[in-house]
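Okay, so here's the structure we're looking at.
The values are calculated or read from the model by the stated rules, or taken from the named source; none is laboratory data. All values derive from a computational prediction rather than experimental measurement. Cβ: placed from backbone, ideal geometry, glycine included. Neighbour counts: every protein chain shown.
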């Protein structure tokens, strides 16, 4: 992509009403556009990052047997009345409206009910199990107060996976696979060293659920971390009984602020009982299906990465999810794009692209200082500079966005980075 043709603009200042660091940086760098409080559009750069996060999540879900579908955002109230969650006193963040014929509908904030209802048509025998279904879909939550930038919004992309198994043992086996898949996801997006598997209450169906909490001062949660064991407990289960069971000493725990970037929990037969979702086992007996739910909010994940992987100059994207691998900058001479630097820059851009390397080429005829400032703000991992000086030396100059290391290398070395 040539920067002169990229549909984005950087800006020196974020909107005055935006206080969250992640949103300030993402807006200033041209990744998102704020439509209203808690609602953000993804600009081309932001969409590239989001798509790469989604690809990583899909790969990990597919690796444990997940099958992708997409449920509807518009929700019939009937399945939700079965579970009781249409009631505003139980769920207070619905977006509800009515069709022109007067039928009440809502915008989905999760999908346990409609998916359990759907499964009644597909699960009848033990031979139909297990089923692991996931989707990446826009969810809507009528938050009383949207805050923390893209980490708590009213409209967001979510990965929600649901497991349907024949018994508790099968559920627990898959649950552990899902837990490891989540560890892999957060490692691959660059948050592995600061994201902790955090024990939380399991509700009525299991002793624990598990949150994946990323340590950041921008977080709304308090967790208690055993840094040696790399596990944590949240406030509601931070008691002597739980610590003893987990083999954790209270004196080894450090309180930290964190943001929940994912969660997994057992549902037991809560929804299968409500919807009479049963299967016939090998002996002809009807038994309830055991369920689990596994969620990740993609906007929240992107916002968390922006919070913790940035500096005073801008964003610092991990390689796996950066919109581009290389930010190629041509410091044009007096003849502009038609001069020797412009011609050489165009040639190098074409060569890199043909070799499958994702390049954002800053071909704009603006001052070097503006190009470098924009490059720092946008946060692509490797900056490559071509100029009259580098051409005279027969090299290109590179700068690592994360470490700041500057190197002078031959062009051919770029092709093996």
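Looking only at the range 265-278, residues that are surrounded by fewer than 22 Cβ atoms within 10 Å (Cβ to Cβ) and either part of a strand (DSSP E or B) or outside the structural domain of residue 185 (by TED's automatic domain parsing) (or both) come to 3 in all.
Being touching a residue at least 24 places away in the same chain (Cβ under 8 Å), in contact with a strand residue (DSSP E or B) (Cβ under 8 Å, 6 or more places away or on another chain) and in a helix (DSSP H, G or I) is a property that residue 71 lacks. Does residue 386 satisfy the criteria of being closer than 22 Å to residue 315 by Cβ and in contact (Cβ under 8 Å) with a residue 40 or more places away in the chain? No, not satisfied. Condition check for residue 145 on (1) touching a helix residue (DSSP H, G or I) at 6+ places or on another chain (Cβ under 7 Å); (2) without any contact (Cβ under 8 Å) to a residue 24 or more places away in the chain; (3) within 24 Å of residue 16 (Cα to Cα): one failure, at (1). Flag not set for residue 100, criterion: part of a loop (DSSP other than H, G, I, E, B), under 23 Å from residue 147 (Cα atoms) and more than 24 Å from the chain's Cα centre (by Cα).
For the condition crowded, with 22+ Cβ neighbours inside 10 Å and more than 25 Å from residue 174 (Cα to Cα), what is the one hit in 305, 296?
305
For the range 74-92, a tally of residues being assigned to a strand (DSSP E or B) and either buried (at least 19 other Cβ atoms within 10 Å of the Cβ) or without any contact (Cβ under 8 Å) to a residue 12 or more places away in the chain (or both) returns 1.
Given the options 379, 339, 284, name the one that is out of contact with any strand residue (DSSP E or B) (no Cβ under 9 Å at 6 or more places or on another chain) and at positive phi. Answer to the selection: 284.
In the range 56-68, what residues are assigned to a helix (DSSP H, G or I) and surrounded by fewer than 13 Cβ atoms within 10 Å (Cβ to Cβ)?
Within the range 56-68, the subset assigned to a helix (DSSP H, G or I) is 56-63.
If the condition is that a residue be assigned to a helix (DSSP H, G or I) and surrounded by fewer than 13 Cβ atoms within 10 Å (Cβ to Cβ), then 63 is the only one that fits.
Here the condition is being crowded, with 20+ Cβ neighbours inside 10 Å and either assigned to a helix (DSSP H, G or I) or not assigned by TED's automatic domain parsing to the domain that holds residue 266 (or both); of 196, 182, it holds for 182 alone. Hey, does the range 214-226 have a residue that's part of a helix (DSSP H, G or I) and either over 21 Å from the mean Cα position of the chain (by Cα) or at pLDDT 95 or above (or both)? Within the range 214-226, none of the residues are part of a helix (DSSP H, G or I) and either over 21 Å from the mean Cα position of the chain (by Cα) or at pLDDT 95 or above (or both).
Criterion first (in contact with a strand residue (DSSP E or B) (Cβ under 9 Å, 6 or more places away or on another chain), modelled with pLDDT of 95 or more and in the same structural domain as residue 54 (by TED's automatic domain parsing)) does residue 304 satisfy it?
The answer is yes for residue 304.
For residues that are in a loop (DSSP other than H, G, I, E, B) and in contact with a strand residue (DSSP E or B) (Cβ under 9 Å, 6 or more places away or on another chain), tally how many sit in the range 345-361.
Total satisfying the criteria: 2.
The residues on offer are 139, 229, and the sole one that is modelled with pLDDT of 95 or more and either assigned to a loop (DSSP other than H, G, I, E, B) or under 17 Å from residue 295 (Cα atoms) (or both) is 139.
Per the conditions (1) assigned to a strand (DSSP E or B); (2) crowded, with 20+ Cβ neighbours inside 10 Å, the sole criterion not satisfied by residue 153 is (1).
Scanning the range 1-30 for residues that are touching a helix residue (DSSP H, G or I) at 6+ places or on another chain (Cβ under 6 Å), without any contact (Cβ under 8 Å) to a residue 40 or more places away in the chain and assigned by TED's automatic domain parsing to the domain that holds residue 300 yields nothing.
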